[in-house]
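Comments concern the structure below.
Coordinate-derived values only; no laboratory data. Given the structure is predicted, the values throughout are model-derived calculations rather than measurements. With ideal geometry, Cβ positions are generated from the backbone for all residues, glycine too; neighbour counts draw on all protein chains shown.
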């Protein structure tokens, strides 16, 4: 397994948000973390990335115990985090944003260059000198993912990659994630959009109020409409 979490817990202040979360992502696998708003998906990502101040449980990444490591050391190991709010540099161009994310190539991980990420996201290649603040939400989302890839990660945490995007951009994002998977990249993505998750994910973990309610294949989840209604329907 590329990423394993056991009994993961997390708090904001005195409020416990995560309760003994178990999940795993294999090499070259796409796993979707599903749940409604407030289910604990983003908090789980922050805990995995080392960005949650108060957290517990065990996290292993690429065979190493990173449970006590800070975020920057996990990033150096090749754990990339694409947050829901994107956080691009609005005053920098596309090329400059990509340069900020550049890290050295890693053994056993796909190698990404500007030419390769532009092949993955052709629209970015046509706006290399455009500043991030002048881009649409969909273009910014693509740029955020492309910047993460420039770090040559082993695994990417994608937080709500389809949220608020036009249908055509959502389709493009799905194709890009599948292409990343074919390169051998491991991906854990959080989603509310079950249809989007079914297009790209191998397995799913369903969260509700910080608890795991389901863990299994996408096919098994789709075959359980009662569970989907209970924890995923709006």
For region 58-94 versus region 139-174, the gap between their alpha-carbon centres in whole angstrom | 15
Multiply the residue separation of residue 129 and residue 195 by 0.36 nm, subtract the distance between their alpha-carbon atoms, and state the gained length in nm to one decimal.
-> 20.3 nm
When region 3-231 is reduced to its Cα atoms, the Kirkwood hydrodynamic radius in Å = 17.8
What is the order of 136, 67, 162, 233, fewest Cβ neighbours within 10 Å to most?
-> 233, 136, 67, 162
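More than 18 angstrom separation, counting every C-alpha pair in region 166-234; what % is that? Don't skip to the end; give the middle numbers.
On the way: 934 of 2346 pairs.
Tail of P(r) above 18 Å: 40 percent of Cα pairs.
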Along each principal axis, Cα extent of region 70-205, largest first, Å | 37, 35, 28
Of the beta bridges DSSP finds with both residues in region 3-231, what % are antiparallel, to the nearest 5?
-> 55
Running Debye on region 144-195 with equal point scatterers at the Cα sites and no solvent, what base-10 log of I(q)/I(0) appears at q = 0.24, 0.28, 0.32 Å⁻¹?
-> -1.02, -1.31, -1.48
Calculated on alpha-carbon atoms, Rg and Dmax of region 1-120 in Å = 15.8, 47
Taking the chain and dividing mean pair separation by its residue count, relative contact order in percent (alpha carbons under 8 Å, at least six apart) = 29
